[in-house]
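Mind having a look at this structure? Questions to follow.
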Amino acid sequence: MSAVIEERRGRIALLKLNNPPVNGLGWPVREGLDAAIDRLGKDADVDAIVVTGDGRMFCAGADIREFGTTPPEHVRGLGKILTDLEAMEKPVVAAIHGVAAGGGLELALGCHHRVCGPKTKLGLPEVSLGILPGAGGTQRLPRVAGVAKALEMIVSGRLVSEKEAFKAGIVDELVDGDVDAVIDAAVAAAEKLAAAGVPPRRSGERSDGLKEAQGNPSLFDDFRKSMAKRARGMNAPYACVRCVEAATTMALADGLQYERDEFVKLVDAIEAKSMRHAFFAEREVAKIPDVPADTPTRPIQNAGVIGCGTMGGGIAMVFANAGLPVTVIESEQSALDAGLEKIANNYAATVSKGRLSQEEMDRRMGLITGATDLTELAATDIVVEAVFENMDVKKELFARLDKVCKPGVILATNTSTLDVDEIASATSRPQDVIGTHFFSPANVMRLMENVRGEKTADEVIATVMKLSKTLGKVGVLVGVCHGFVGNRMLHQYLREAMFLVEEGALPQDIDRVIYDFGLPMGPFAMCDLAGNDVGWRVRQEQIKAQGGTPSNARYSGTIADKICDLGRFGQKTGKGWFKYGDGRTPTPDPDVEAIILETSKELGFARREISDEEILQRCLYPLVNEGAKILDEGIALRASDIDVVWMHGYGFPRFRGGPMFWADTIGLQTIAETMQRFEKEQGPWMAPSPLLLKLAADGKGFGDA
Ligand code: CAA
């Protein structure tokens, strides 16, 4: 079957892109489109052309897999093809449905008239692939929709609804019907335009959208300032702004050339490679080799959540946000009332920011029911336990759930560290038990670490992976170990951050380096946000269990314990590693500095100047090293799964592709050698993992593991 199907509707030629699943504009499609434009332009039996996509969408843009490859010489770039399409004398109409993204929207903008069906998403998301719309999008969208709208859409990469696109003038006609109705309307529009005999309305020849910015060129600098925080460390967003700016100062042909040159600079850079890796990693994560895509799943029509604290409340919101009724259990009515009130306050805060309607809040609150008796969960399809992190408490609870819940229920635990197999052993149905580790705040963070126990049934895994998607989360399947993937790696990172402080750095130095690297915050601001008391209690328990701090290893909690002894639990107490005058902004605190200096002395460290490079390597290389161990042990299926965990659970920058991909870009040999040096300088906990050493010796990366 041809990559571009041609049909006739009377004197209208209908071109259907045919490249499932998303009609990506790969070589055969471009070749087909190019040839059709040439042929139809000369065909005396054709008055006008309609372009659409066969299957479930119009077109999701360039075929991302082709980036970095060289097309056959005769296949022209999309930009050139669209210049010819736009220049046609015969009217060209786009019949848009499903998705018009990236090159897909650029194709539509190259047409003279755009008809769009319902439930359609349109946009230029290239920036999230580390590139810019390279086929005229930065030149045509501002001409059609205005500079402000184009800047916002191109720099955010946001896809907008057909209604928003219509309001912005991006589409000319909305059709309420199925694909056939959209095509019929487009054919009718094409016939009308051909009959009118007026010259086509070419996006590239329009100037109305540019006027406002031409009269106010400082708009671009203002925009750059407004995006500085979000775009830190990246090139693509700034290149997008430069291109839109060029649209306001250059003739179309020059602007298109400028855009092309900027595109070429970006497409093979590490930023774009990292973001392409992130794109495919997020899709790969759903594929589990021994749980095929056709594994049956269990219907999930409602849920139960046990515990209505910070995590439980957040998880309940996640279900309600996805439209699933959820019963929340607390043993005491007062705790339940407080938890439900907190949920309501959370929603109310979103309403007050204008990001949720009151009606929608009421609908979601209506889906949440509180109860104090476990028997209320008798008919529930999935139960997520989010109680205190204590094995005995969890086992006792699962034994009770085993008695109360219907057969076939999925029993999930939100434990962040404990052994899921041991929890499962408290039931008579370990095949139905799985970990669903949400990340705090559960209603915001997109990651779900789905923890597969030794006996978890394939059907349960398939159901929970599917459920993650329904809940708007990215589910990553991991195995059982202390801390699973994310927290096990985090532990290495936090330990080194603490040691660096003992040796000479200050929390603000470390946080600055990590923030500049691209994480949303450094380790100390993160601990202050999460609450320093959590780790403190765990350390106290461990010390009690071991009968004192281990004498054969360096203890990382010395300063953290002193901070907690003073009640400095973080943001919630107004003070932690930093002080929080306004409640949220971390400010260095001389009192903390004094504690740090005094502790260094006690521990016998002559404080030294620590470079930013050392901070970065000491914090991140051990984290990567632990990732290698996790991979080697089969706790994660792929290195790219670990990247997804870190991007969605901890905000590791997408433009670095996640820690494992980032390590590959540094070179594993460098990482292994540095870890060997750290092992000598610091201690045995820094020893490089066997997998890291092997890959480094073979000149390979984690992507090859
Ligand atoms: N190129 C290659 N493959 C693509 C693709 C693309 N543009 N878009 C999606 N796919 C693949 C996915 O990898 C996935 O493959 P597998 O089934 O093998 O995993 C499959 O198509 C289905 O994709 P999703 O699972 O993402 O499907 P969805 O229905 O959830 O989402 C979508 C559909 C909204 C279109 C989403 O796929 C998407 O956002 N795609 C990328 C859109 C994009 O970024 N386009 C810009 C491309 S760059 C460009 O166009 C440059 C230019 O200037 C010419």
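Laboratory data are not the source of any read-out in this text; all were calculated from the coordinates shown. These numbers were taken from a predicted model, which means no experiment stands behind them. Here Cβ is always computed from backbone atoms with ideal geometry, including for glycine, and neighbour counts include all displayed protein chains.
Order by neighbour count: THR83, THR413, fewest other Cβ atoms within 10 Å first, most last.
Fewest to most other Cβ atoms nearby, the residues stand as THR83, THR413.
Continuing with the same structure: Between their Cα atoms, which of LYS395/LYS455; LYS163/LYS211; LYS119/LYS466 are more than 18 Å away from each other?
LYS163/LYS211; LYS119/LYS466
Expressed as a rounded percentage, what relative contact order does the chain have, with Cα pairs under 8 Å and six or more residues apart?
Result for the chain is 9 percent.
Now a separate question. What angle, in degrees between 0 and 90 and rounded to the nearest 10, separates the Cα long axis of helix 333-352 from the longest principal axis of the Cα atoms of the chain?
30 degrees
Further, regarding this structure: Taking θ = phi - 60°, what integer Hz values does the Karplus form 6.51 cos²θ - 1.76 cosθ + 1.60 yield along the stretch 417-427, in sequence order, with x for Gly and Pro?
9, 6, 6, 5, 5, 5, 5, 4, 5, 7, 10
For the stretch 4-267, with only Lys/Arg (+1) and Asp/Glu (-1) charged at the beta-carbon, what is the dipole magnitude about the Cα centre, in debye rounded to 20?
760 debye
A further question follows. Sequence-distant or interchain residues sharing an amide H contact under 5 Å with VAL305, placed H: which?
HN-HN under 5 Å from VAL305: THR327, VAL328, ILE329, VAL384.
For a label point 7 Å from the Cα of GLU89 along Cα→C-beta, name the residues of the stretch 177-211 whose backbone N is under 17 Å from it.
193-202
Whose amide H sits under 5 Å from the amide H of THR436, counting only residues 5 or more places off or on another chain, with H placed in the peptide plane?
The answer is THR413, ASN414, THR415, VAL451.
Can you find, among ALA168, GLN333, GLY309, the residue sitting farthest towards the positive end of the charge dipole of the chain, where Lys and Arg contribute +1 and Asp and Glu -1 at Cβ?
Comparing the listed Cα positions along the dipole, ALA168 ranks first.
Right, something else. So who's got an amide H within less than 5 Å of the one on VAL51, skipping anything under 5 residues away but keeping other chains? H placed 1.01 Å off N, in plane.
Residues meeting the amide H criterion: LEU15, VAL93, ALA94, ALA95.
If you place +1 on the Cβ of every Lys and Arg, -1 on the Cβ of every Asp and Glu, and leave all else neutral, what size is the dipole of the chain about its Cα centre, to the nearest 20 Debye?
Here the chain has a charge dipole of around 660 debye.
So if we plug the beta-carbon distance of SER440 and ARG677 into 1/(1 + (r/R0)^6) with R0 = 30 Å, what FRET efficiency do we get, rounded to 0.05?
The calculated FRET efficiency here is 0.30.
Still on this model: How far apart, in nanometres, would the label points at MET365 and GLU396 be if each is projected 7 angstrom from Cα along the Cα-to-Cβ direction?
3.4 nm
Here is a follow-up. With θ taken as phi - 60° and the coefficients 6.51, -1.76 and 1.60, list the Karplus ³J(HN,Hα) couplings across the stretch 661-667 in order, rounded to whole Hz; mark glycine and proline as x.
Result, ordered by residue: 5, 4, 4, 4, 6, 6, x Hz.
Additional query: Would you be so kind as to identify which of PHE223, SER274, GLN257 lies farthest towards the positive end of the dipole of the stretch 210-277, taking Lys and Arg as +1 and Asp and Glu as -1 on Cβ and the Cα centre as origin?
The listed residue farthest towards the positive side: SER274.
Here's a follow-up. Say R0 is 25 Å: what FRET efficiency, to the nearest 0.05, do ARG201 and ALA251 get from their beta-carbon distance?
The value I calculate is 0.85.
Take LEU174 and SER357, extend 7 Å from each Cα along the Cα→Cβ direction, and tell me the distance between the two endpoints in nm.
It works out to 1.3 nm between the two label points.
R0 = 41 Å: FRET efficiency of ALA335 with ALA286, Cβ-based, nearest 0.05?
For R0 = 41 Å, the calculated efficiency reads 0.65.
Which angle from 0 to 90°, rounded to the nearest 10, does the C-alpha axis of helix 270-284 make with the longest principal axis of the chain?
Approximately 80 degrees, to the nearest 10.
In degrees between 0 and 90, to the nearest 10, how far off the longest principal axis of the chain does helix 668-681 point, with axes built from Cα atoms?
20 degrees
Distance in nm between label sites at ALA553 and ALA348, each 7 Å beyond Cα in the beta-carbon direction?
Result: 4.6 nm between the two label points.
Expected output is a single nm value to one decimal: the length gained when fully extending between LYS211 and ILE543, i.e. 0.36 nm times separation in residues minus the C-alpha distance. What is it?
112.7 nm
Among the DSSP beta bridges whose two residues both lie in the chain, what percent are antiparallel, rounded to the nearest 5?
For the chain, the DSSP antiparallel bridge percentage is about 30.
Right, another one. Lysine pairs in the stretch 537-618 with alpha-carbon atoms under 20 Å apart, 8 or more places apart or on different chains: how many are there?
Lysine pairs satisfying the spacing and distance rule in the stretch 537-618 number 5.
Still on this structure, please answer the following. Between the stretch 401-475 and the stretch 203-263, how many Å separate their Cα centres?
47 Å
Now for a different question. Starting with the highest mean, order 238-250, 40-52 by the number of other Cβ atoms within 10 Å, averaged over the residues of each peptide.
Sorting 238-250, 40-52 by mean packing, highest first, produces 238-250, 40-52.
I need the phi-derived Karplus couplings for the stretch 636-649: 6.51 cos²θ - 1.76 cosθ + 1.60, θ = phi - 60°, integer Hz, Gly and Pro marked x.
10, 6, 9, 4, 5, 5, 5, 4, 5, 4, 6, 5, 9, x
For LYS562 and THR417, calculate 0.36 nm times their separation in residues minus their Cα-Cα distance, and state this gained length in nm to one decimal.
49.7 nm
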